[in-house]
Amino acid sequence: MADFLLPDLGEGLTDAEILHWLVAVGDTVTVDQAVVEVETAKASVEVPVPYAGTVTAVFGKPGERIPVGSPLISVAAANEPAALNGSAVAGPVSSEYSGNVLIGYGTSAAPSRRRGRVRRSSSPASADLRVEAGLAPAAATSGRSATAEVANPPAITAVSVISPVVRKLARDRGIDLAAVVPSDPSGVIRRCDIEAFATELAPAGAAEPGSATDRIPLTGLRGLAAERLTRSRREIPEATVWVDVDATALLEARRALNAAQPDRPVSVLALVARFCVLGLSRFRELNSRVTSDAIELLPQVNLGFAAQTDRGLLVPVVHDAQRLTTRELSAAIAERTEAGRAGKLSPAQLTGGTFTVNNYGVFGVDGSAAIINHPEVAMIGLGRIIDRPWVVGGALAVRKVAQLTLAFDHRACDGGVAGGFLRFVADCVENPVTALGEL
């Protein structure tokens with residue numbers, strides 16, 4: 001009998017939240033079958049099991065965060081008895097034997113240091129593990145036992161909570177879900193129920209909601225972003241250059257491209273990104289990594305782009321962007337943006353970037369002193385495109401003008417390289433026809 005441990009998530013992610021189980025105790029599973037969906041600080045992913053056999057136990061319930069190295073599921077091989085009634089307990093198996101990892105991540109060199117016990121709730125709600133996962137009460141896992149009990153199961157009252165957001169809200173406020181009475185006739189506990197319960201618990205004379213200091217925990221995506229931004233500022237000697245550009249011809253070129261093939265539209269961000277890919281082939285220092293003793297010039301451009309979502313700021317990555325046409329690159333950016341907002345990006349689509357493009361003009365601002373996405377060495381930003389007075393052929397005219405900003409790691413290059421790259425991209429924006437010679 002083997003325990004499958006939560007794999008090493010890599011990229012600084014050390015735990016994950018269980019969203020829902022895809023199997024129940026007693027089910028037969030095959031190698032690489034997805035058994036649980038978890039949410040990391042970056043994305044929701046399905047975790048495959050590296051064993052085949054019968055599920056004898058599952059660990060953790062929806063809404064619970066478990067650390068890397070903790071048991072996820074126990075599986076008995078086909079030729080050994082499955083202890084489903086608590087007569088046998090699956091002993092832990094070293095994670096070096098559970099070679100499966102989440103797609104896009106690597107394994108840890110020392111997994112034993114990452115192990116930890118599964119945190120379990122002491123509330124009565126801990127008994128409803130399998131019910132909340134949409135499975136039979138007979139498959140409920142006890143909070144005190146590593147083995148599921150299916151014989152003569154105790155009476156269980158399920159806490160009906162569908163949204164992980166509601167679970168997190170209850171956790172942050174220290175509220176036991178078993179004590180909350182749902183207002184909805186369906187019996188599902190909603191966010192308003194949590195807020196109403198918290199109000200009832202407030203002592204007399206307490207401050208009105210909103211008047212007291214609110215706390216936003218630096219966990220999950222926020223915590224990961226805070227850590228990376230701090231590291232970037234701490235380790236990278238950053239410099240910034242910028243230039244105003246006449247984007248009138250760029251918008252005209254985009255209209256012509258989209259009129260020619262309206263079913264395959266090209267975005268402004270995709271055009272700027274394509275110019276950046278061309279520029280990086282000339283100014284390779286900006287597509288590199290800085291190590292302790294060298295600057296490593298990278299052969300491929302894995303283009304990241306900033307995308308604002310309900311889960312926070314994400315940086316999806318289009319790998320090998322230098323191999324794509326402008327329309328293909330635009331389609332890839334649109335697909336990843338939609339997947340990011342739906343929380344469906346795979347870990348592989350959020351890692352491995354070598355250069356980032358940021359269109360902060362969508363927020364109505366002209367420029368930004370951006371923080372480089374560590375361990376990259378540069379990021380380019382595009383401000384809003386608006387009508388401004390511009391000198392054309394010695395005469396004043398109204399043109400579509402925007403600002404391009406480049407933040408770069410001064411260890412990787414000097415101002416000549418950074419300025420040359422930014423000027424190349426600016427020239428392509430102002431006269432897109434010049435880019436044709438490089439495509």
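At 1.4 Å probe size, what's the solvent-accessible area of D246? Round to the nearest 10 Å².
Accessible area of D246: about 20 Å².
Give me, ordered by chain and number, the residues 5 or more places off T309 or on other chains with an amide H under 5 Å from its own placed amide H.
L314
List the residues, sorted by chain then number, that are 5 or more residues from L72 or on another chain and whose placed amide H is less than 5 Å from its amide H.
The answer is F4, L5, L6.
What is the range 289-435 by shape, rounded, prolate or oblate, if you read a ≥ b ≥ c off the alpha carbon gyration tensor as root eigenvalues and call it rounded for a/c under 1.5, prolate for a/b larger than b/c, and oblate otherwise?
Working: a/c = 1.79, a/b = 1.28, b/c = 1.40.
Since a/c reaches 1.5 but b/c is at least a/b, the shape of the range 289-435 is classed as oblate.
To the nearest 20 debye, what charge dipole does the range 198-357 have about its Cα centre, counting +1 at the Cβ of each Lys and Arg and -1 at the Cβ of each Asp and Glu? Don't skip to the answer; put the middle values down first.
Values: 19 positive and 18 negative charges, 73 e Å.
Using Cβ point charges on Lys, Arg, Asp and Glu, the range 198-357 gives about 360 debye.
Full extension from E195 to D244: what is 0.36 nm times the residue separation minus their Cα-Cα distance, to one decimal in nm? Spell out each step's value before the answer.
Numbers: separation 49, 0.36 × 49 = 17.64 nm, distance 4.81 nm.
Taking E195 through D244 to full extension adds about 12.8 nm, to one decimal.
Rank these by accessible area, largest first, 1.4 Å probe: W242, W390, W21. Working shown, then result.
Details: W242 160, W390 65, W21 5 Å².
Correct descending sequence by accessible area is W242, W390, W21.
Taking 25 Å as R0, compute the FRET efficiency from the Cβ-Cβ separation of A334 and E438 and round it to 0.05.
Values: r = 23 Å, r/R0 = 0.94.
That pair, A334 with E438, gives E of 0.60.
If you count only protein heavy atoms with a 1.4 Å probe, what accessible area per residue comes out for the range 367-419, rounded to a whole Å²? Present the calculation step by step, with values, prior to reporting the outcome.
Numbers: 2230 Å² over 53 residues.
Per residue, the range 367-419 has an accessible area of 42 Å².
Subtracting the Cα-Cα distance from 0.36 nm times the residue separation, let me have the gained length for R327 to A260 in nm, one decimal.
Values: separation 67, 0.36 × 67 = 24.12 nm, distance 1.18 nm.
Residue separation times 0.36 nm, minus the Cα-Cα distance, leaves 22.9 nm.
Given a 1.4 Å probe, how much area per residue of the range 261-313 is accessible, in Å²?
47
If you take the beta carbon distance between D414 and A179 as r and set R0 to 60 Å, what does 1/(1 + (r/R0)^6) give as a FRET efficiency, to the nearest 0.05?
Numbers: r = 63 Å, r/R0 = 1.05.
Between D414 and A179 the formula returns 0.45.
Check A24: other-chain or 5+ apart residues with amide H under 5 Å from its amide H, H built from backbone geometry?
Here nothing satisfies the definition.
The values are calculated or read from the model by the stated rules, or taken from the named source; none is laboratory data. Everything numeric in this text was worked out from a predicted model, so none of it was measured. All Cβ positions, glycine included, derive from the backbone under ideal geometry; neighbour counts span all protein chains shown. Only protein heavy atoms, including side chains, enter the accessible area calculation; ligands, DNA and RNA are left aside. Shrake-Rupley method; radii C 1.70, N 1.55, O 1.52, S 1.80 Å.
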